[in-house]
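Chemist: Structure provided below as structure tokens; questions to follow.
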Amino acid sequence: MKGYERYDEVLDAQQVLLSLIDLATQRGAHPDKLLKGTKLFHNDLSKKNLAKNSLTCSANTLLTVIENCSKLVQGNEISFLLGRRYFPSHLGLLGQVLMNCRHLGDMLRLCQCFQLACFPLMNLQLKHFNNNSYLIFQSAVGKLSKNQQTFITEFMLSALLGAIKYRCGELPKLDIHLDYPEVQHIEQYHVHLNMKANINIQFDQKICMVTIASKQLYLPFNDSANSLKAVALQQISQLNPKPYPISFIQQLNSYLSQRLSNKGDLSQECCAQHFGYSSATLKRKLANHQLNYQGLIDAIRSQQAIFQLVICQHSNEKIADALYFNDVSNFRKAFKRWTGVTPNSMREQCCFN
């Protein structure tokens, strides 16, 4: 299955792009200025044109509009408002499926299965340890600018917390760790993410994730209807006979993570061969996502190291072995290069517990 890439026009523009432009326009931004750099004009998105053809766009188009919006609109609330609108109204039939899931765990599983429809710019990875579950955010489309990263994370947090509150009636205790410094518009986090309730947010962490007690994921929804869920899924399969693809970058991350856990060959040549490319072609594809091969491996190792060190409380020796390092000294040097601190320093800070 071919994963979608940054420039592939496979995203439903009506789901996020149009709503984003509408919100920004209401706050004084000119729609054509929002679309600058996309080769689109606002007239291309008119109802008349949409009636003729369902409009699709690329991840790069959406990222460009997000960047423009961050620069043109004051207030920094659009990302949150966009997220609050998202579930279930913007998801069509998939929204009906998610509304009739058995529990939060079921909803998250379907969000992963339908990544292109739910969160095309971000990959959600779910990990479990002891009595907690960890929902880790990763870019699905390569390197993001600071504005893009912050906007997309805020949008996803707003959408996820809104969906949880909508289905559960109230928010359970959540710990949120963000991999960027505290923002100037912190009041928007208080307003839209209920930080005064059960939500604890820490900025400037080395990993972006939401922590929730595992038991909360599997508390049943008494009003879910499995028959309605099955009908909606059948309708989706008829409208879209092929499985919803995940991104090319997510496929690479999944492959490399598996090779790392099995201590397989991590060479660029082996990876390129697995996907049916030459090394030069793989290098060019990564460059299109503003990435390089070694940087991709470092990012995977870094995230796994941080999780194993801070959440699992594993020793340096155990982590070094798991991440394919010859000795602990090389692991310590690599960890400091990735994070700016030594493993022991991060362990002492232990901001995640």
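Chemist: Do we have any residue at all in the range 179-187 that's touching a strand residue (DSSP E or B) at 6+ places or on another chain (Cβ under 7 Å) and open to solvent by less than 60 Å² (accessible area, probe 1.4 Å)?
Modeler: In the first step, residues of the range 179-187 are kept if they are touching a strand residue (DSSP E or B) at 6+ places or on another chain (Cβ under 7 Å); the result is none.
Within the range 179-187, not a single residue is touching a strand residue (DSSP E or B) at 6+ places or on another chain (Cβ under 7 Å) and open to solvent by less than 60 Å² (accessible area, probe 1.4 Å).
Chemist: Looking only at residues in the range 226-266 that are hydroxyl-bearing (Ser, Thr, Tyr) and loosely packed, with under 13 Cβ neighbours inside 10 Å, which one is nearest to Ala140 (Cα to Cα)?
Modeler: Of the range 226-266, the ones hydroxyl-bearing (Ser, Thr, Tyr) are 227, 237, 244, 247, 254-255, 257, 261.
Right, trim to loosely packed, with under 13 Cβ neighbours inside 10 Å and you get 227, 237, 261.
Working: Ser227: 32, Ser237: 23, Ser261: 21 Å.
Filtering the range 226-266 for residues that are hydroxyl-bearing (Ser, Thr, Tyr) and loosely packed, with under 13 Cβ neighbours inside 10 Å, the one nearest to Ala140 (Cα to Cα) comes out as Ser261.
Chemist: Select, from Leu63, Leu72, the only residue that is in contact with a helix residue (DSSP H, G or I) (Cβ under 7 Å, 6 or more places away or on another chain), in contact (Cβ under 8 Å) with a residue 12 or more places away in the chain and closer than 25 Å to Ile176 by Cα.
Modeler: When all the criteria are applied, what remains is Leu63.
Chemist: Here is a further query. For the range 207-223, how many residues are touching a residue at least 60 places away in the same chain (Cβ under 8 Å) and either touching a Cys at 6+ places or on another chain (Cβ under 9 Å) or over 17 Å from Phe307 (Cβ atoms) (or both)?
Modeler: Summing the residues that are touching a residue at least 60 places away in the same chain (Cβ under 8 Å) and either touching a Cys at 6+ places or on another chain (Cβ under 9 Å) or over 17 Å from Phe307 (Cβ atoms) (or both) in the range 207-223 gives 8.
Yes/no matrix, rows are residues, columns are (1) open to solvent by 20 Å² or more (accessible area, probe 1.4 Å); (2) under 15 Å from the mean Cα position of the chain (by Cα):
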position: Leu98; (1), (2): no, no
position: Gln149; (1), (2): yes, yes
position: Asp175; (1), (2): yes, no
position: His192; (1), (2): yes, no
position: Asn198; (1), (2): yes, no
position: Lys206; (1), (2): yes, no
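Chemist: Under 8 Å by Cβ, and 6 or more places apart or on different chains, what pairs join a residue from the range 257-281 that is more than 21 Å from Ala322 (Cβ to Cβ) with one that is open to solvent by 70 Å² or more (accessible area, probe 1.4 Å) and of a type outside the set (Ser, Thr, Tyr)?
Modeler: Gln268/Lys283; Ser279/Glu269
Chemist: Sticking with this structure for a sec: So, in the range 287-341, of the ones that are touching a residue at least 24 places away in the same chain (Cβ under 8 Å) and among the aromatic types (Phe, Trp, Tyr), which residue ends up most open to solvent (accessible area, probe 1.4 Å)?
Modeler: Taking the candidates together, the pick is Tyr324.
Chemist: OK, next. So Tyr218 clears everything in (1) in contact with a Leu (Cβ under 9 Å, 6 or more places away or on another chain); (2) more than 20 Å from Gln303 (Cα to Cα); (3) of a type outside the set (Val, Ile, Thr); (4) open to solvent by less than 60 Å² (accessible area, probe 1.4 Å) except one condition, right? Which one?
Modeler: For Tyr218, the failing item is (4).
Chemist: Mind listing just one residue for me: the one in the range 100-147 that is of a type in the set (Phe, Trp, Tyr) and modelled with pLDDT of 90 or more and, of those, farthest from the chain's Cα centre (by Cα)? First the steps, then the outcome.
Modeler: Within the range 100-147, the first condition is being of a type in the set (Phe, Trp, Tyr), and the residues that meet it are 114, 119, 129, 134, 137.
Keeping just the survivors that are modelled with pLDDT of 90 or more gives 129, 134, 137.
Working: Phe129: 20, Tyr134: 13, Phe137: 4 Å.
Step by step, filter the range 100-147, then rank; the result is Phe129.
The values are calculated or read from the model by the stated rules, or taken from the named source; none is laboratory data. All values derive from a computational prediction rather than experimental measurement. Cβ: placed from backbone, ideal geometry, glycine included. Neighbour counts: every protein chain shown. Surface accessibility is based on the protein's heavy atoms, side chains included, excluding ligands, DNA and RNA. Shrake-Rupley method; radii C 1.70, N 1.55, O 1.52, S 1.80 Å.
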